[in-house]
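Here's the structure, in C-alpha coordinates; my notes come after.
The values are calculated or read from the model by the stated rules, or taken from the named source; none is laboratory data. No experiment lies behind these values; they were computed from the predicted model shown. Every residue, glycine as well, gets a Cβ built from its backbone with ideal geometry; the counts of neighbours run over all protein chains shown. These accessible areas exclude ligands, DNA and RNA; they are computed on the full protein's heavy atoms, side chains included. Shrake-Rupley method; radii C 1.70, N 1.55, O 1.52, S 1.80 Å.
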Amino acid sequence: MYHRRHHLAMLAAAVLAGTAGTAAAQETVKIGVILPMTGQQASTGRQIDAAIKLWVARNGNKVAGKTVEILVKDDQSIPDQTRRLAQELVVQDKVVALAGFGITPSAMAVAPIATQSKTPMVVMAAATSAITGASPYVVRTSFTLPQAAVGMAEWANKNGIKKTVTLVADYGPGFDAEKFFADRVTLNGGQVLDKLRTPLRAPDFAPVLQKVRDAKPDALFVFLPSGQGAAFMKQFAERGLDKAGIRLIATGDVTDDDQLNAMGDVALGVVNAHHYSAAHPSALNKKFVADFEAANKFRPNFMAVGGYDGMRVIYKALEASKGAGGDALLAGMKGQIFESPRGQVLIDAQTRDVVHDMYIRKVEKKDGQLWNIEFDAIKAMKDPGKS
Ligand code: PHB
(Lines give C-alpha, C1' and ligand atoms only; values in the text may rest on other atoms or scores of the structure.)
Protein backbone atom coordinates (compact mmCIF):
# COMPACT_ATOMS: atom_id res chain seq x y z
CA MET A 1 0.00 0.00 0.00
CA TYR A 2 2.78 2.43 0.99
CA HIS A 3 4.58 1.54 -2.15
CA ARG A 4 1.53 2.20 -4.35
CA ARG A 5 0.81 5.59 -2.74
CA HIS A 6 4.42 6.69 -3.00
CA HIS A 7 4.45 5.69 -6.61
CA LEU A 8 1.30 7.68 -7.33
CA ALA A 9 2.72 10.77 -5.65
CA MET A 10 5.79 10.56 -7.89
CA LEU A 11 3.51 10.11 -10.86
CA ALA A 12 1.53 13.24 -9.99
CA ALA A 13 4.73 15.25 -9.61
CA ALA A 14 6.04 14.03 -12.95
CA VAL A 15 2.81 14.99 -14.69
CA LEU A 16 2.66 18.48 -13.20
CA ALA A 17 6.32 19.14 -14.06
CA GLY A 18 5.74 17.91 -17.59
CA THR A 19 2.69 20.01 -18.38
CA ALA A 20 3.96 23.27 -16.87
CA GLY A 21 6.72 23.75 -19.44
CA THR A 22 4.92 22.64 -22.55
CA ALA A 23 1.28 23.76 -22.24
CA ALA A 24 1.68 27.03 -24.15
CA ALA A 25 3.53 25.52 -27.08
CA GLN A 26 1.36 22.45 -27.35
CA GLU A 27 -0.26 22.21 -30.79
CA THR A 28 -1.25 18.58 -30.50
CA VAL A 29 -3.69 17.11 -28.01
CA LYS A 30 -3.30 13.42 -27.37
CA ILE A 31 -6.00 11.01 -26.28
CA GLY A 32 -4.88 7.68 -24.84
CA VAL A 33 -7.26 4.83 -25.60
CA ILE A 34 -6.74 1.51 -23.81
CA LEU A 35 -8.71 -1.43 -25.20
CA PRO A 36 -8.59 -5.21 -25.31
CA MET A 37 -7.53 -5.57 -28.97
CA THR A 38 -6.53 -9.22 -28.44
CA GLY A 39 -7.60 -11.91 -26.00
CA GLN A 40 -11.03 -12.92 -24.77
CA GLN A 41 -12.55 -9.41 -24.96
CA ALA A 42 -11.12 -8.61 -28.43
CA SER A 43 -14.54 -7.97 -29.99
CA THR A 44 -14.95 -5.02 -27.60
CA GLY A 45 -11.65 -3.54 -28.77
CA ARG A 46 -12.47 -4.12 -32.42
CA GLN A 47 -15.88 -2.46 -32.07
CA ILE A 48 -14.70 0.58 -30.12
CA ASP A 49 -11.62 1.11 -32.29
CA ALA A 50 -13.83 1.07 -35.41
CA ALA A 51 -16.24 3.54 -33.82
CA ILE A 52 -13.43 5.94 -32.89
CA LYS A 53 -12.19 5.82 -36.49
CA LEU A 54 -15.71 6.56 -37.74
CA TRP A 55 -15.97 9.53 -35.37
CA VAL A 56 -12.67 10.96 -36.67
CA ALA A 57 -13.61 10.27 -40.31
CA ARG A 58 -16.81 12.25 -39.81
CA ASN A 59 -15.52 15.04 -37.56
CA GLY A 60 -11.89 15.48 -38.52
CA ASN A 61 -8.81 15.58 -36.33
CA LYS A 62 -8.78 19.29 -35.44
CA VAL A 63 -10.35 20.59 -32.23
CA ALA A 64 -9.92 24.10 -30.78
CA GLY A 65 -7.23 24.76 -33.38
CA LYS A 66 -5.17 21.78 -32.29
CA THR A 67 -4.48 18.45 -33.93
CA VAL A 68 -5.95 15.49 -32.14
CA GLU A 69 -3.72 12.45 -31.94
CA ILE A 70 -5.28 9.19 -30.76
CA LEU A 71 -3.00 6.54 -29.28
CA VAL A 72 -4.60 3.09 -29.08
CA LYS A 73 -2.99 0.53 -26.73
CA ASP A 74 -3.88 -3.14 -26.28
CA ASP A 75 -4.22 -4.24 -22.64
CA GLN A 76 -5.57 -7.73 -23.46
CA SER A 77 -8.05 -6.96 -20.65
CA ILE A 78 -5.34 -7.68 -18.09
CA PRO A 79 -5.70 -4.98 -15.38
CA ASP A 80 -1.95 -4.80 -14.60
CA GLN A 81 -1.35 -4.04 -18.27
CA THR A 82 -4.09 -1.43 -18.28
CA ARG A 83 -2.47 0.30 -15.30
CA ARG A 84 1.01 0.22 -16.83
CA LEU A 85 -0.23 1.56 -20.17
CA ALA A 86 -2.20 4.33 -18.46
CA GLN A 87 0.89 5.41 -16.55
CA GLU A 88 2.93 5.54 -19.75
CA LEU A 89 0.23 7.47 -21.59
CA VAL A 90 -0.03 10.04 -18.80
CA VAL A 91 3.65 10.46 -17.92
CA GLN A 92 5.40 9.96 -21.25
CA ASP A 93 2.80 10.82 -23.88
CA LYS A 94 1.08 13.51 -21.76
CA VAL A 95 -2.39 12.62 -22.97
CA VAL A 96 -5.19 15.03 -21.96
CA ALA A 97 -7.68 12.19 -21.58
CA LEU A 98 -7.68 8.44 -21.07
CA ALA A 99 -10.47 6.40 -22.66
CA GLY A 100 -11.64 2.87 -23.49
CA PHE A 101 -11.59 0.24 -20.67
CA GLY A 102 -13.10 -3.02 -21.87
CA ILE A 103 -13.79 -4.59 -18.48
CA THR A 104 -14.47 -3.32 -14.97
CA PRO A 105 -11.17 -4.50 -13.39
CA SER A 106 -9.24 -2.52 -16.03
CA ALA A 107 -11.21 0.66 -15.33
CA MET A 108 -10.78 0.20 -11.57
CA ALA A 109 -7.01 -0.28 -11.98
CA VAL A 110 -6.67 3.09 -13.72
CA ALA A 111 -8.97 5.22 -11.53
CA PRO A 112 -6.23 6.14 -8.97
CA ILE A 113 -3.98 7.30 -11.83
CA ALA A 114 -6.77 9.53 -13.18
CA THR A 115 -7.24 11.05 -9.73
CA GLN A 116 -3.55 11.65 -9.01
CA SER A 117 -2.78 13.13 -12.43
CA LYS A 118 -6.15 14.96 -12.79
CA THR A 119 -6.68 13.24 -16.13
CA PRO A 120 -10.32 12.76 -17.23
CA MET A 121 -10.98 9.09 -17.91
CA VAL A 122 -13.85 8.24 -20.25
CA VAL A 123 -15.21 4.74 -19.65
CA MET A 124 -16.58 3.55 -23.00
CA ALA A 125 -17.29 -0.13 -22.17
CA ALA A 126 -17.07 -1.20 -18.54
CA ALA A 127 -20.41 -1.07 -16.73
CA THR A 128 -20.21 -1.82 -12.99
CA SER A 129 -22.03 0.92 -11.13
CA ALA A 130 -19.16 1.65 -8.70
CA ILE A 131 -16.64 2.71 -11.39
CA THR A 132 -17.77 6.35 -11.39
CA GLY A 133 -17.22 6.42 -7.63
CA ALA A 134 -13.61 5.23 -7.97
CA SER A 135 -12.36 8.63 -9.17
CA PRO A 136 -13.87 12.10 -9.60
CA TYR A 137 -12.21 12.09 -13.05
CA VAL A 138 -14.27 9.16 -14.38
CA VAL A 139 -16.97 9.97 -16.94
CA ARG A 140 -19.01 7.10 -18.41
CA THR A 141 -20.56 6.75 -21.88
CA SER A 142 -21.36 3.01 -21.80
CA PHE A 143 -24.20 2.01 -19.44
CA THR A 144 -24.62 0.41 -16.02
CA LEU A 145 -25.72 -3.13 -15.22
CA PRO A 146 -28.24 -1.89 -12.62
CA GLN A 147 -29.98 0.04 -15.44
CA ALA A 148 -30.34 -3.08 -17.60
CA ALA A 149 -31.15 -5.46 -14.72
CA VAL A 150 -33.88 -3.24 -13.25
CA GLY A 151 -35.33 -2.75 -16.74
CA MET A 152 -35.49 -6.52 -17.22
CA ALA A 153 -36.94 -7.16 -13.74
CA GLU A 154 -39.75 -4.64 -14.26
CA TRP A 155 -40.72 -6.33 -17.52
CA ALA A 156 -40.60 -9.84 -15.96
CA ASN A 157 -42.90 -8.80 -13.10
CA LYS A 158 -45.43 -7.28 -15.47
CA ASN A 159 -45.45 -10.31 -17.75
CA GLY A 160 -46.36 -13.18 -15.48
CA ILE A 161 -42.86 -14.42 -14.71
CA LYS A 162 -42.93 -15.44 -11.04
CA LYS A 163 -40.06 -17.88 -10.46
CA THR A 164 -36.62 -17.00 -11.78
CA VAL A 165 -33.02 -18.18 -11.61
CA THR A 166 -30.16 -15.74 -12.22
CA LEU A 167 -26.93 -16.60 -14.04
CA VAL A 168 -24.13 -14.02 -14.18
CA ALA A 169 -20.41 -13.71 -14.83
CA ASP A 170 -18.58 -13.94 -11.50
CA TYR A 171 -17.21 -10.37 -11.16
CA GLY A 172 -18.32 -6.75 -10.70
CA PRO A 173 -20.93 -6.27 -13.44
CA GLY A 174 -22.32 -9.76 -12.75
CA PHE A 175 -22.76 -8.94 -9.06
CA ASP A 176 -24.59 -5.74 -10.02
CA ALA A 177 -26.85 -7.58 -12.48
CA GLU A 178 -27.66 -10.33 -9.97
CA LYS A 179 -28.38 -7.97 -7.07
CA PHE A 180 -30.43 -5.38 -8.93
CA PHE A 181 -32.48 -7.99 -10.80
CA ALA A 182 -33.16 -10.05 -7.64
CA ASP A 183 -33.95 -7.03 -5.44
CA ARG A 184 -36.41 -5.62 -7.94
CA VAL A 185 -38.26 -8.85 -8.79
CA THR A 186 -38.65 -9.74 -5.10
CA LEU A 187 -39.77 -6.19 -4.29
CA ASN A 188 -42.52 -6.69 -6.89
CA GLY A 189 -43.56 -10.08 -5.45
CA GLY A 190 -41.48 -12.41 -7.64
CA GLN A 191 -39.17 -15.18 -6.47
CA VAL A 192 -35.51 -16.00 -7.15
CA LEU A 193 -34.96 -19.75 -6.78
CA ASP A 194 -31.20 -19.80 -7.29
CA LYS A 195 -28.29 -17.46 -8.08
CA LEU A 196 -25.63 -18.99 -10.32
CA ARG A 197 -22.26 -17.64 -11.46
CA THR A 198 -19.71 -18.59 -14.13
CA PRO A 199 -16.06 -17.46 -14.28
CA LEU A 200 -15.14 -14.46 -16.43
CA ARG A 201 -12.31 -16.41 -18.11
CA ALA A 202 -13.16 -19.61 -19.99
CA PRO A 203 -16.65 -20.17 -18.57
CA ASP A 204 -18.30 -23.60 -18.77
CA PHE A 205 -22.07 -23.27 -19.01
CA ALA A 206 -22.95 -26.99 -18.87
CA PRO A 207 -22.99 -27.46 -15.04
CA VAL A 208 -25.01 -24.31 -14.34
CA LEU A 209 -27.49 -25.06 -17.11
CA GLN A 210 -28.12 -28.46 -15.54
CA LYS A 211 -28.94 -26.69 -12.27
CA VAL A 212 -31.32 -24.36 -14.08
CA ARG A 213 -33.10 -27.36 -15.62
CA ASP A 214 -33.53 -28.97 -12.22
CA ALA A 215 -34.83 -25.78 -10.59
CA LYS A 216 -37.58 -25.44 -13.27
CA PRO A 217 -38.02 -21.67 -13.10
CA ASP A 218 -40.44 -19.72 -15.33
CA ALA A 219 -37.44 -17.81 -16.63
CA LEU A 220 -33.65 -17.69 -16.50
CA PHE A 221 -32.16 -14.18 -16.26
CA VAL A 222 -28.62 -13.93 -17.70
CA PHE A 223 -25.80 -11.39 -17.78
CA LEU A 224 -22.56 -12.33 -19.52
CA PRO A 225 -19.99 -9.85 -20.86
CA SER A 226 -20.00 -9.00 -24.56
CA GLY A 227 -18.43 -11.83 -26.54
CA GLN A 228 -19.84 -14.78 -24.55
CA GLY A 229 -23.43 -14.64 -25.81
CA ALA A 230 -23.10 -16.96 -28.82
CA ALA A 231 -21.35 -19.74 -26.86
CA PHE A 232 -23.98 -19.49 -24.14
CA MET A 233 -26.94 -19.61 -26.55
CA LYS A 234 -25.49 -22.68 -28.24
CA GLN A 235 -25.27 -24.50 -24.89
CA PHE A 236 -28.74 -23.32 -23.88
CA ALA A 237 -30.16 -24.94 -27.01
CA GLU A 238 -27.97 -28.07 -26.86
CA ARG A 239 -29.09 -28.76 -23.28
CA GLY A 240 -32.70 -28.43 -24.42
CA LEU A 241 -33.62 -25.63 -22.03
CA ASP A 242 -35.62 -23.78 -24.67
CA LYS A 243 -37.69 -26.95 -25.22
CA ALA A 244 -38.11 -27.47 -21.45
CA GLY A 245 -40.23 -24.31 -21.37
CA ILE A 246 -37.71 -22.20 -19.49
CA ARG A 247 -37.89 -18.71 -20.86
CA LEU A 248 -34.62 -16.86 -21.40
CA ILE A 249 -34.44 -13.19 -20.41
CA ALA A 250 -31.20 -11.23 -20.36
CA THR A 251 -29.31 -8.00 -20.45
CA GLY A 252 -28.58 -7.03 -24.05
CA ASP A 253 -24.94 -8.04 -23.58
CA VAL A 254 -26.10 -11.62 -24.25
CA THR A 255 -27.96 -10.81 -27.49
CA ASP A 256 -25.02 -8.62 -28.54
CA ASP A 257 -25.34 -7.22 -32.08
CA ASP A 258 -21.73 -8.29 -32.71
CA GLN A 259 -22.75 -11.97 -32.52
CA LEU A 260 -26.53 -12.00 -32.78
CA ASN A 261 -26.75 -13.03 -36.43
CA ALA A 262 -24.52 -16.04 -35.79
CA MET A 263 -26.68 -17.31 -32.92
CA GLY A 264 -29.41 -18.76 -35.09
CA ASP A 265 -33.04 -19.38 -34.27
CA VAL A 266 -32.47 -20.28 -30.59
CA ALA A 267 -32.18 -16.52 -30.00
CA LEU A 268 -35.59 -15.78 -31.56
CA GLY A 269 -38.04 -14.34 -29.05
CA VAL A 270 -35.47 -13.67 -26.32
CA VAL A 271 -36.61 -10.57 -24.45
CA ASN A 272 -33.77 -8.41 -23.16
CA ALA A 273 -33.04 -4.94 -21.80
CA HIS A 274 -30.33 -2.62 -23.07
CA HIS A 275 -29.51 0.93 -24.12
CA TYR A 276 -28.56 0.28 -27.75
CA SER A 277 -29.82 -1.79 -30.64
CA ALA A 278 -28.42 -1.57 -34.18
CA ALA A 279 -32.12 -1.67 -35.15
CA HIS A 280 -32.95 1.51 -33.18
CA PRO A 281 -35.35 3.24 -35.58
CA SER A 282 -33.95 6.80 -35.71
CA ALA A 283 -32.58 8.54 -38.80
CA LEU A 284 -29.35 9.25 -36.94
CA ASN A 285 -28.87 5.57 -36.08
CA LYS A 286 -29.71 4.32 -39.57
CA LYS A 287 -26.95 6.53 -40.97
CA PHE A 288 -24.58 5.47 -38.18
CA VAL A 289 -25.15 1.76 -38.87
CA ALA A 290 -24.85 2.22 -42.65
CA ASP A 291 -21.58 4.18 -42.40
CA PHE A 292 -20.16 1.81 -39.79
CA GLU A 293 -21.00 -1.29 -41.86
CA ALA A 294 -19.61 0.28 -45.03
CA ALA A 295 -16.28 0.94 -43.29
CA ASN A 296 -16.02 -2.33 -41.36
CA LYS A 297 -18.16 -5.06 -42.94
CA PHE A 298 -19.68 -5.81 -39.53
CA ARG A 299 -22.57 -4.46 -37.51
CA PRO A 300 -21.94 -1.98 -34.67
CA ASN A 301 -22.89 -3.18 -31.20
CA PHE A 302 -23.41 -1.31 -27.92
CA MET A 303 -19.64 -1.16 -27.35
CA ALA A 304 -19.21 0.78 -30.62
CA VAL A 305 -21.81 3.31 -29.50
CA GLY A 306 -20.13 3.73 -26.10
CA GLY A 307 -16.90 4.51 -27.99
CA TYR A 308 -18.51 6.82 -30.52
CA ASP A 309 -20.33 8.80 -27.82
CA GLY A 310 -17.17 8.89 -25.73
CA MET A 311 -15.38 10.64 -28.61
CA ARG A 312 -18.23 13.13 -28.83
CA VAL A 313 -17.90 13.88 -25.12
CA ILE A 314 -14.13 14.36 -25.41
CA TYR A 315 -14.28 16.54 -28.57
CA LYS A 316 -17.00 18.85 -27.18
CA ALA A 317 -15.16 19.17 -23.88
CA LEU A 318 -11.92 20.04 -25.72
CA GLU A 319 -13.79 22.77 -27.60
CA ALA A 320 -15.05 24.16 -24.28
CA SER A 321 -11.62 23.99 -22.61
CA LYS A 322 -9.86 25.34 -25.73
CA GLY A 323 -7.73 22.25 -25.82
CA ALA A 324 -6.72 22.29 -22.15
CA GLY A 325 -6.83 19.11 -20.06
CA GLY A 326 -7.35 18.53 -16.34
CA ASP A 327 -10.25 20.14 -14.49
CA ALA A 328 -11.22 22.39 -17.42
CA LEU A 329 -11.64 19.35 -19.66
CA LEU A 330 -13.58 17.47 -16.99
CA ALA A 331 -15.93 20.45 -16.53
CA GLY A 332 -16.64 20.41 -20.26
CA MET A 333 -17.68 16.77 -20.10
CA LYS A 334 -20.19 17.18 -17.27
CA GLY A 335 -23.77 17.90 -18.23
CA GLN A 336 -23.44 17.24 -21.98
CA ILE A 337 -26.76 16.41 -23.65
CA PHE A 338 -26.89 15.05 -27.18
CA GLU A 339 -28.58 12.70 -29.57
CA SER A 340 -26.63 9.47 -29.84
CA PRO A 341 -27.28 6.51 -32.15
CA ARG A 342 -28.91 4.96 -29.02
CA GLY A 343 -31.26 7.96 -28.49
CA GLN A 344 -31.00 10.91 -26.10
CA VAL A 345 -27.96 10.91 -23.77
CA LEU A 346 -27.13 13.05 -20.74
CA ILE A 347 -23.87 12.95 -18.80
CA ASP A 348 -25.18 13.63 -15.29
CA ALA A 349 -23.07 16.50 -13.93
CA GLN A 350 -23.31 15.18 -10.36
CA THR A 351 -22.53 11.50 -10.89
CA ARG A 352 -20.63 11.78 -14.24
CA ASP A 353 -22.62 8.72 -15.27
CA VAL A 354 -24.76 8.21 -18.35
CA VAL A 355 -28.53 8.82 -18.31
CA HIS A 356 -30.38 7.30 -21.27
CA ASP A 357 -33.44 5.27 -22.27
CA MET A 358 -33.42 1.63 -21.23
CA TYR A 359 -35.17 -0.29 -23.99
CA ILE A 360 -36.99 -3.59 -23.74
CA ARG A 361 -36.36 -5.55 -26.93
CA LYS A 362 -37.23 -8.87 -28.50
CA VAL A 363 -35.02 -10.79 -30.92
CA GLU A 364 -36.80 -11.02 -34.27
CA LYS A 365 -35.91 -12.01 -37.81
CA LYS A 366 -36.20 -9.32 -40.49
CA ASP A 367 -35.03 -9.83 -44.08
CA GLY A 368 -33.22 -12.99 -43.00
CA GLN A 369 -31.23 -11.30 -40.22
CA LEU A 370 -31.65 -11.28 -36.44
CA TRP A 371 -32.19 -7.96 -34.66
CA ASN A 372 -33.07 -6.69 -31.19
CA ILE A 373 -36.40 -4.96 -31.89
CA GLU A 374 -37.31 -2.33 -29.29
CA PHE A 375 -40.93 -2.44 -28.09
CA ASP A 376 -40.89 -0.57 -24.76
CA ALA A 377 -38.57 1.76 -22.82
CA ILE A 378 -37.89 3.28 -19.44
CA LYS A 379 -37.15 6.86 -20.40
CA ALA A 380 -34.12 8.86 -19.21
CA MET A 381 -33.00 6.20 -16.74
CA LYS A 382 -30.36 7.12 -14.19
CA ASP A 383 -28.09 4.48 -12.69
CA PRO A 384 -30.16 2.77 -9.96
CA GLY A 385 -26.84 1.88 -8.32
CA LYS A 386 -26.29 5.49 -7.20
CA SER A 387 -27.87 6.25 -3.84
C1 PHB B 1 -17.50 -4.96 -17.57
O2 PHB B 1 -16.49 -5.66 -17.31
O3 PHB B 1 -17.79 -3.97 -16.89
C4 PHB B 1 -18.36 -5.34 -18.72
C5 PHB B 1 -17.82 -5.99 -19.82
C6 PHB B 1 -18.65 -6.36 -20.87
C7 PHB B 1 -20.00 -6.08 -20.82
C8 PHB B 1 -20.55 -5.43 -19.72
C9 PHB B 1 -19.73 -5.06 -18.67
O10 PHB B 1 -20.80 -6.46 -21.84
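List the pairs from K216/K379; K287/K316; K53/K379; K73/K382; K66/K382 whose alpha-carbon separation is above 27 Å, in the order I gave them.
Working: K216/K379 33 Å; K287/K316 21 Å; K53/K379 30 Å; K73/K382 31 Å; K66/K382 34 Å.
Correct reply: K216/K379; K53/K379; K73/K382; K66/K382.
Using 1/(1 + (r/R0)^6) with R0 = 41 angstrom and r between the beta carbons of D183 and K243, what's the FRET efficiency to the nearest 0.05? Present the calculation step by step, with values, prior to reporting the outcome.
Details: r = 31 Å, r/R0 = 0.75.
It comes out at approximately 0.85.
Quantify how much of the Cα-Cα distance distribution of the stretch 218-298 extends past 22 Å, in percent. Don't jump to the answer; show the numbers that get you there.
Numbers: 965 of 3240 pairs.
That tail contains 30 percent of the Cα-Cα pairs.
Sort 193-204, 92-103 by packing, meaning the average of other beta carbons within 10 Å per residue, with the highest value first. It would help to have the intermediate numbers written out before the result.
Numbers: 193-204: 15.2, 92-103: 25.7.
Averaged packing, sorted descending, gives the order 92-103, 193-204.
Please tell me which of these pairs span more than 26 angstrom C-alpha to C-alpha: K334/K362; K118/K322; K286/K322? Let's see the in-between values first.
On the way: K334/K362 33 Å; K118/K322 17 Å; K286/K322 32 Å.
Beyond 26 Å: K334/K362; K286/K322.
On a 0 to 90° scale, report how tilted helix 302-321 is relative to the longest principal axis of the chain, with both axes built from alpha carbons and the result rounded to the nearest 10.
30 degrees
Quick one: what does P(r) look like for the chain with 20 Å bins over all Cα pairs, in whole %?
Final binned percentages: 30, 56, 14, 0.
On a full-extension model of 0.36 nm per residue, what is the gain between Q210 and K286, subtracting their alpha-carbon distance, rounded to one decimal in nm? Present the calculation step by step, with values, prior to reporting the outcome.
On the way: separation 76, 0.36 × 76 = 27.36 nm, distance 4.07 nm.
Value of the extension gain: 23.3 nm.
Share of the stretch 75-116's accessible area from carbon and sulfur, percent, 1.4 Å?
On the way: 620 of 1300 Å².
Roughly 48 percent of what the probe reaches on the stretch 75-116 is carbon or sulfur.
For E293 and A202 in one chain, what is 0.36 nm times their gap in residues minus the Cα-Cα distance, to one decimal in nm? Display every interim value, and only then the final one.
Values: separation 91, 0.36 × 91 = 32.76 nm, distance 2.96 nm.
My answer for the length gained is 29.8 nm.
Roll a 1.4 angstrom probe over the protein heavy atoms and tell me the percent of accessible area of the stretch 202-311 that is carbon or sulfur.
On the stretch 202-311, the fraction of accessible area on carbon and sulfur atoms equals 54 percent.
Given a Förster distance of 30 Å, report the FRET efficiency between D170 and K62 from their Cβ-Cβ distance, rounded to the nearest 0.05. Working shown, then result.
Details: r = 45 Å, r/R0 = 1.49.
Efficiency at R0 = 30 Å is approximately 0.10.
Quickly work out the D265-to-A231 label distance, labels modelled 7 Å from Cα along the C-beta direction, and quote it in nm with one decimal.
Output for this residue pair reads 2.6 nm.
Can you give the accessible area per residue of the chain, in Å², using a 1.4 Å probe?
39 Å²
Which whole-number percent is the relative contact order of the chain (Cα, under 8 Å, 6+ apart)?
Reported relative contact order: 17 percent.
Compare the Cα positions of L196, I161, A349 along the charge dipole of the chain (+1 at Cβ of Lys, Arg; -1 at Cβ of Asp, Glu; about the Cα centre) and return the one farthest towards the positive end.
A349
Taking the Cα centre of each part, how many Å lie between the stretch 108-154 and the stretch 311-330?
18 Å
Quote the charge dipole size of the chain about the Cα centre in Debye, to the nearest 20; the model charges only the Cβ of Lys and Arg (+1) and of Asp and Glu (-1).
Details: 46 positive and 38 negative charges, 58 e Å.
My answer is approximately 280 debye.
Based on the mean of other Cβ atoms within 10 Å per residue, sort peptides 310-321, 72-83, 366-377 so the most packed one is first.
Working: 310-321: 21.8, 72-83: 19.6, 366-377: 15.0.
The peptides rank, most packed first, as 310-321, 72-83, 366-377.
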